[in-house]
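Written below as structure tokens is the structure these notes are about.
The values are calculated or read from the model by the stated rules, or taken from the named source; none is laboratory data. The model shown is predicted, which means the values in this text are computed figures rather than measured ones. Positions of Cβ are generated from backbone atoms using ideal geometry, with glycine treated the same way; all protein chains shown enter the neighbour counts. Surface accessibility is based on the protein's heavy atoms, side chains included, excluding ligands, DNA and RNA. Shrake-Rupley method; radii C 1.70, N 1.55, O 1.52, S 1.80 Å.
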Amino acid sequence: MPESSTWLHVRAAGLDLLLATRDLREVVAPLPVSAIPGGARGIQGVVMHQGEFLPVLAWDDLPGCGSPAGPVTALAVLRPRLGLPIERVVGTLGALPEPWQVPEDSESASAWSGGSGLLGDMELRLVDPDRLVALLRRLRADR
Amino acid sequence: MDQSFDDVWAECEDLFAQARQTLAVLKESPPAHVVQASVNALFRTTHTLKGMAGMLGYTSFSRAAHRMEDIFDLMRKGRLRSTDSLIETLEAGILALESGLAGIRRGRPEPDDYLHALRRELGELEALARPTEGGTQDLTSLLDLPPDTLKALSEYERTRVTALLLSGMPIHGVAVCLDFATFDERLRAYSEVLGAQGELLSTLPWDVPEDREGLAFLLMVACPAVDPASLPLLDGELLGVTLLADPARVPASLRNPEPEAPELPQAPAPASGPPPPPAAQAVEVEILRLPAHRVEALEARLMAVGQLRDAASLLMRQAKGLDRERPLALLGDMEEGLLEVQKSLLQMRMIKVDSVFSRIEPLVKGLSRDTGKPVKLTFLGGDLEVERSLLGRLSEPFLHLVRNALDHGLEPPSERVAQGKSEAGSLKISASQRGRNLRFDIRDDGRGFDLARIEARGIELGLLTKGQAHTPERLHRLTLEPGFSTQERASQLSGRGVGMDVVRAEIEALGGEVHLSSEPRRGSLIRLSIPLSRAVVSCLRVRCAGQMFGIPLNSVLRVQAGKEPLHGGDQVDVLGMSTPLESLQTCLGLPDPDGQKAFVVLTQPGAASRSVAIAIGVDEILGRGEVLLRSLPELAHSPGIMGGSLQEEGILWVLDPEAILGLAMNSLMRRVAHA
């Protein structure tokens, strides 16, 4: 079970996702993304954020992710300086739903997710920034 | 740290930089009036340093700065001549003060005597400058004693020391540590024996070794030699005999019965002859001092200006196509103005690499003298400008690597000659910009790393497994591990097993890396690569696949339009030379274009004329311009792209010419393989 925090419930890549607020720098309005010529999979491009380039995640390239269900309305900026395009901010949670499932290695989303739980009949999946960054580095190395 | 301390550190840094520059002027044998102005400036600088250190309670520093100030005072009064060896000593003195102060800033304790290593040289200088008339000559500064002890000598002792040294008699020190209960009786016994051997000049209180109890004394005796076996040493007593002053070191001009007056740096005679040309005059530069917290504030403003300009660019992009000509023109002006402000602010943070090189040179000279290893020192790329904060953090690693090169790398002259090498070792330090990195190379032609010894030591320390094969790269990198040293005992310069790991930690903290390589008996190369964060780069702007790219101009050999559509794998004629062409799209992994109209001939920056040149096909040449380069974060790294710059039309991607050459070469070889 991840350490206690508050959690931001968002919808992105056709999934309901949780982001630990301690992993977030901020949530900002979407900015035009510039694709990097010859850029690696997993990163759709960069935006200018606080005077520096911020890489923006390409959900499509991640295992276990679906296609976006709608236009991007926000950008969640993670502490490791990575922007996640968000379709909708749903709200916040004070605790993770129980029982909490740690992902099996065989699960495709285990490469970037820290686990999942059910809220009613809705499956919420936690984004683990460490796993996500490690996955992006692997994708870059594999190119 | 207290903000007032920040101000003082910043001012001290500036004062040291000024002192180095002024000493550099003196080394160029300038006209007498420039010498006078420079020495006056150095006198004022050390005086200010002394005052600031005293204010902060650093008494040893203050004392050492006072001693340097005295030397400059003697120079400006015309009692010391500006010679190469004098300037060398003064450079070493300033460096010692600067290093000592840097140590205090890092929390190290203050040394007792900052100028310990130069005590003898400074003593000689002081002796040389003493007035010769009226019997007021004083040679006590030749005694190898701490400044406080020298001050404690009486007038009589000074006179005797001077007279004895002038008569050619050496002066020895006999240090004894005696028991509390019997010290007076024992001291008398030593005094009697020494008095029988020569003239007992003085009995001075001395420091008791840390692990001992009792009282210690230094007996100063003038005699040809002290025979330790003749001294009445008892069990439990400590005894040490040293030569305090050698009459051979009395300056020749003082031993000469009719000494020549030292050559004085004279001020120009008033109204005699034409005034000196302006270029020869010492230039007074007003320096704006910015303490650390103000530099941080300035950097925050720099960031704000950058964001403002980005917002203007974005607004212009979004407003394009709408009927808003006038606001657009105003925004255009605003963006241009902000770019200029941004460039100026960025420029304020930049400093030439030469400022680090100027600190290394006196260090190398001093080490060369101390180790008896002549060194030919070469610097390259001193004009390269890098961020001041970055260079500040590089100074210590540099100094450490240079010490290592002299201590471990270069062989003694006899060993070099026996190997067929020149007597003087070579040490080359170069700085260059390679793609998104700054590169510093420290190259010597010494013995190289002893990999067998490193391997054995690695196994001994449990860092390597016995019986396994270890690559040269792994063995070289082992020297970067904390506490790793193959030296059985620490030398004065290095070999304590600390330092290389600190070098690595400092470079890695800057996001860079250290690479080591060597060849037995041919030398070593230590390469530090550090990523650039921001820089203003002069670029050739081109368009390709609908995107804008910038190619750093220092890599562009030629720009040429094609007579017919160009394709990857073609050979193009460049000034009568057939040159292979590859399209930029292909290099970047984009789909091949149908045909291109122009090409840019690229080569490695600063490369020799015979180095590889490849023509890179592009769709359109847009012109040249200066762009503010921002590096790409690690997750967004892409081969061939050094960084980007936000422009009115979107992001201009700045190419890494070295990487593009590599990508082009790979692609051309694949074409040949598949043909």
With the structure loaded, tell me whether residue A:35 is open to solvent by 30 Å² or more (accessible area, probe 1.4 Å), among the hydrophobic types (A, V, I, L, M, F, W, C) and modelled with pLDDT under 95 or whether it fails that test. yes
Those residues that are of a type outside the set (S, T, N, Q) and open to solvent by 50 Å² or more (accessible area, probe 1.4 Å), I need them from the range B:59-84; list them, please. B:63, B:66, B:70, B:76, B:77, B:79, B:81, B:84
Taking the residues in the range B:510-556 that are under 16 Å from residue B:437 (Cα atoms) and β-branched (Val, Ile, Thr) as candidates, determine which candidate is nearest to the other protein chains (Cβ to nearest Cβ). B:551
Determine whether the range A:13-22 contains at least one residue that is over 12 Å from the mean Cα position of the chain (by Cα) and open to solvent by 10 Å² or more (accessible area, probe 1.4 Å). yes
Looking at B:86, B:80, which is the one that is assigned to a helix (DSSP H, G or I) and either within 20 Å of residue B:115 (Cβ to Cβ) or among the small types (Gly, Ala, Ser) (or both)? B:86
Residues (more than 13 Å from chain B (Cβ to nearest Cβ) and either outside any helix (DSSP H, G or I) or over 14 Å from the mean Cα position of the chain (by Cα) (or both)) located in the range A:49-63: A:62, A:63
With the requirement that a residue be open to solvent by 10 Å² or more (accessible area, probe 1.4 Å) and at positive phi, what does the range A:38-69 give you? A:38, A:50, A:64
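Let's see how each residue does on (1) among the hydrophobic types (A, V, I, L, M, F, W, C); (2) open to solvent by 30 Å² or more (accessible area, probe 1.4 Å); (3) under 39 Å from the mean Cα position of the chain (by Cα):
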| position | (1), (2), (3) |
| --- | --- |
| B:547 | no, yes, no |
| B:553 | yes, yes, yes |
| B:568 | no, no, no |
| B:577 | yes, yes, no |
| B:597 | no, yes, no |
Residues located in the range B:578-595, provided they are in a strand (DSSP E or B) and either in contact (Cβ under 8 Å) with a residue 24 or more places away in the chain or not assigned by TED's automatic domain parsing to the domain that holds residue B:657 (or both): B:579, B:580, B:581, B:582, B:583
Consider only pairs whose beta carbons are under 9 Å apart and that are at least six residues apart or on different chains; among these, list those whose first residue lies in the range B:305-321 and is among the charged types (D, E, K, R) and outside any loop (DSSP other than H, G, I, E, B) and whose second residue is open to solvent by 80 Å² or more (accessible area, probe 1.4 Å) and at pLDDT 75 or above. B:309/B:334; B:317/B:649
Taking interchain pairs and intrachain pairs at least six residues apart, which have beta carbon atoms under 6 angstrom, with the first residue in the range B:446-465 and free of Cβ contacts under 8 Å to residues at least 12 places away in the same chain and at negative phi and the second part of a loop (DSSP other than H, G, I, E, B) and not aromatic (Phe, Trp, Tyr)? B:459/B:466
Helices (runs of 4 or more DSSP H) contained in the range B:347-442 and holding at least 2 residues free of Cβ contacts under 8 Å to residues at least 12 places away in the same chain and open to solvent by 30 Å² or more (accessible area, probe 1.4 Å): B:413-418
Against the condition modelled with pLDDT of 85 or more and acidic (Asp, Glu), how does residue B:415 come out, does it pass? yes
Please work out which residue is farthest from residue B:364 (Cα to Cα), limiting yourself to the range B:60-91 and to residues that are of a type in the set (S, T, N, Q) and in contact (Cβ under 8 Å) with a residue 40 or more places away in the chain. B:60
Please work out if residue B:38 is crowded, with 22+ Cβ neighbours inside 10 Å and either out of contact with any Asp or Glu (no Cβ under 8 Å at 6 or more places or on another chain) or among the β-branched types (Val, Ile, Thr) (or both). yes
From B:178, B:200, B:215, B:166, which residue is assigned by TED's automatic domain parsing to the domain that holds residue B:148, of a type outside the set (Asp, Glu) and open to solvent by less than 30 Å² (accessible area, probe 1.4 Å)? B:178
Residues of the range B:634-644 being at the interface with another protein chain (Cβ under 10 Å from one of its Cβ atoms) and either closer than 26 Å to residue B:332 by Cβ or in contact with a Leu (Cβ under 8 Å, 6 or more places away or on another chain) (or both), which ones? B:635, B:638, B:639, B:640, B:641, B:643, B:644
Filter the range B:610-633 down to residues that are of a type in the set (Asp, Glu) and modelled with pLDDT under 85, then give me how many there are. 1
